[in-house]
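Below is one structure, written out as structure tokens; comments come after it.
The values are calculated or read from the model by the stated rules, or taken from the named source; none is laboratory data. As the structure is a computational prediction, the values presented were derived from the model and not from experiment. Cβ atoms come from the backbone with ideal geometry, glycine included; neighbour counts cover every protein chain shown.
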Amino acid sequence: MIHDIGLWRIGGRGMSIRLRVALPYLLLTVVVSIIGVYVVTRLVTGTMRERLTNQLLEAGRVVSDYFVRQEQRHVLEARRIAYTEGVAEAVRNRNEPAVLELTRPIFGEGGIDNLILISPQGGEVVHFIMGAAGEVRQVEQDTGAALSPIAAPFLAERNPGASPVRALGRNSIDHEVYYYTALPISLNNQFYGVVMVGTSLRKLLPELKSVALADVVVYGNDGQAVAATLGSGRAEILDRLSISGDVYREVIFSENYVAGDNFLLDGRYYTLARAPLQVGSDRIGVFGVVLPLEFVIQSGEDSRTTYVLLFTLVMLVVIGIGFVVSRTIIVPLYSLVNTSLAITRGDLDRRTGITAKDEIGTLATTFDEMTARLQERTVELERANEILQRIDKTKTNFIQISAHELRTPLTLIMGYSQMLEEDAKNDPEMLKLAQGILEGSERMADVVESMLDVSRIDSDALFLKRTNLELSPLIRKVWKGFANALEERKIEFDTDGLEKLPPISADSDMLQKVFYHLIMNAIKYTPDGGQVRVVGAYLNGVEPPQVEIAVCDTGIGVDPAMKTLIFEKFHQTGEVLVHSSGKTKFKGGGPGLGLAIARGIVEAHGGWIRVESPGYNEETFPGSKFIVSLPVQKDAAGGA
């Protein structure tokens, strides 16, 4: 049969698919059997000491690796706290309330139990301890952490780029032994203080025991055992496991594991191996791993001949089963493969034709049903996509054509309105009418220009004339354009940090439109007597460096569910029909294009824009913050 030829021949080479499946299966079975015999006759009958030593060494490596992973978590959590906006300045200025407000909500999220923030002058600004029940304790008094071996060098050198330092230490407040990591707090390549994070050994050691499959002991600098999982870390157990100062120094300066003595504890014999606890370039102490001697004791040594015969029999049975399985599975499986390849090539009319009643038959039937549904959905999606493309193209063409067609009559209306305004200077009533016409035509011109900007963004026709641009004068220019509106509505406007921003390569006119729309939106959705602020920040801890400009207001805010939707074309907040007519009036009207234009221009510059807001409320006015992030050229960043 033609079907059989295609089934049993692959690529014209003549090798049956049965052989291709059975041969590796056979080889694997033989290899596994040989390995099994070897394990039984050699490894299992090896000496108890060799196996015990191997287990101790493996447990020791697991312990070392675990501390390295904990160090990575420490560094990540310390940097997350240090780089939280406002923390560095608050620590440097010893502004304890501000540091408490910024760090308390995030303390403990990264799995740390102790947090100490030290100012450049050496004072403890904040000291948190995580209690056994998960409660956060704030330490009021200075514990002298600044004088510790891992904090003092940072305060003396004041190097913002110094590497992290680790150590074991006992906290004088709760007398717990912690694994500490310290690193400098830096901002703009300046030293702002020291952050120390620690995890209690009481918390770490049970986890170590579960991953190392052995009991763990940790020694302090004098050889005293400070923590252990053996015997639940009782004081008498720690005294029993302690070593002399000479032994401690021998271990911490050694390159290999140092075996300890066998000992009897609670009626059970144990053996111990010690090694230096090294994280990065720091040797912070000594640890030991403990195993019971009966861990490797076998109840008896079975006959080697019995094992050989058993594995041989199992091998023959497995080979026979494999032969049968290869015959019953390969045929329908090959049909499924061919059908799936045909569907991958786009032949959605192809079906498997398998009618078996077993699991493969069920799989084939389900596969055929999925293919039929996929074919139906594909046809529907192609039709819907074609319709949507035509609608989107029509919409874009309409916006572009409408904007161009409206520009000419608007120019005429504005020109005649200006002439009429000039002629009506002596007629107050006529002058008021002329100014109204002129104001309306100017607003209409803004709408037309916005429509043209949107059409350029949609058609990827936005052309940027990049120059070396200072952002502070640009935002000041935008602000002056709204001076009358701000004064009329008694809205306070101020800026912060813009003068310190490095220049960026950008299109001045395009970025002016971005901040025009953002500041206008802030004014429009802020009630009379509110506040609008523009804050600049330079981020040199990312690649490439960025400048962030945040436009903040005390307005009605943004619903969290709408934070993405508001950047889409024609979207407006609230009921559109109840908006006022003035573009800078409270909840003033507009076509809903400003944020879409701002996003398109910012993304064309290689940046991004996002919004932060507690929520939408027209009674409490939670406010919102629109953040624009733009890349800084490396030469400009280096000179900043």
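Can you confirm whether the stretch 482-490 contains a residue that is within 31 Å of the chain's Cα centre (by Cα), part of a loop (DSSP other than H, G, I, E, B) and surrounded by fewer than 18 Cβ atoms within 10 Å (Cβ to Cβ)?
No, the conditions are met nowhere in the stretch 482-490.
Name, by its number, the condition in (1) touching a His at 6+ places or on another chain (Cβ under 8 Å); (2) more than 25 Å from Glu568 (Cα to Cα) that does not hold for Pro473.
All conditions are met except number (1).
Could you give every pair whose Cβ atoms fall below 7 Å, whose first residue belongs to the stretch 609-621 and is free of Cβ contacts under 8 Å to residues at least 24 places away in the same chain, and whose second residue is hydrophobic (A, V, I, L, M, F, W, C) and part of a strand (DSSP E or B), counting only separations of at least 6 or pairs across chains?
From the stretch 609-621, the pairs are Glu612/Ile627.
Going residue by residue through the stretch 632-640, is there one that turns out to be at pLDDT 85 or above, crowded, with 21+ Cβ neighbours inside 10 Å and among the β-branched types (Val, Ile, Thr)? Please lay out each step first, then the result.
Restricting attention to the stretch 632-640, the residues satisfying the condition of being at pLDDT 85 or above are 632.
Applying the additional criterion that residues be crowded, with 21+ Cβ neighbours inside 10 Å yields 632.
Right, trim to among the β-branched types (Val, Ile, Thr) and you get 632.
Looking through the stretch 632-640, at least one residue is at pLDDT 85 or above, crowded, with 21+ Cβ neighbours inside 10 Å and among the β-branched types (Val, Ile, Thr).
Can you find a residue that is in a helix (DSSP H, G or I) and either touching a helix residue (DSSP H, G or I) at 6+ places or on another chain (Cβ under 9 Å) or modelled with pLDDT of 85 or more (or both) anywhere in the stretch 264-285?
No, that holds for no residue.
Looking at Glu386, Glu369, Glu380 in this structure, which one is modelled with pLDDT of 80 or more, in a helix (DSSP H, G or I) and over 30 Å from Ser459 (Cβ atoms)?
Selected residue: Glu369, the only one of Glu386, Glu369, Glu380 that is modelled with pLDDT of 80 or more, in a helix (DSSP H, G or I) and over 30 Å from Ser459 (Cβ atoms).
Looking at this structure, is Val535 in a strand (DSSP E or B), under 31 Å from the mean Cα position of the chain (by Cα), modelled with pLDDT of 90 or more and of a type in the set (A, V, I, L, M)? Quick ask: steps written out before the conclusion?
On the way: in a strand (DSSP E or B): yes; under 31 Å from the mean Cα position of the chain (by Cα): yes; modelled with pLDDT of 90 or more: yes; of a type in the set (A, V, I, L, M): yes.
Yes: the conditions hold for Val535.
Determine if the stretch 559-580 includes at least one residue that is at pLDDT 90 or above and assigned to a loop (DSSP other than H, G, I, E, B).
Checking the stretch 559-580: at least one residue is at pLDDT 90 or above and assigned to a loop (DSSP other than H, G, I, E, B).
Would you confirm whether or not the stretch 248-257 contains a residue that is in a helix (DSSP H, G or I) and touching a Gly at 6+ places or on another chain (Cβ under 7 Å)?
yes
Taking the stretch 229-240 on its own, how many of its residues are touching a residue at least 24 places away in the same chain (Cβ under 8 Å) and outside any helix (DSSP H, G or I)? It would help to see each step written out before you state the result.
Filtering the stretch 229-240 down to residues touching a residue at least 24 places away in the same chain (Cβ under 8 Å) leaves 229-231, 233, 237, 240.
Filter once more, keeping what is outside any helix (DSSP H, G or I): 229.
Final tally of qualifying residues: 1.
What strands (runs of 3 or more DSSP E) completely inside the stretch 112-221 contain at least 2 residues that are under 29 Å from Val62 (Cα atoms) and touching a residue at least 12 places away in the same chain (Cβ under 8 Å)?
Passing ranges, in order: 114-118, 124-130, 165-170, 177-187, 190-200, 215-219.
State yes or no: is Gly529 assigned by TED's automatic domain parsing to the domain that holds Arg599, surrounded by fewer than 19 Cβ atoms within 10 Å (Cβ to Cβ) and over 14 Å from Gly594 (Cβ atoms)?
So Gly529 fits the description; yes.
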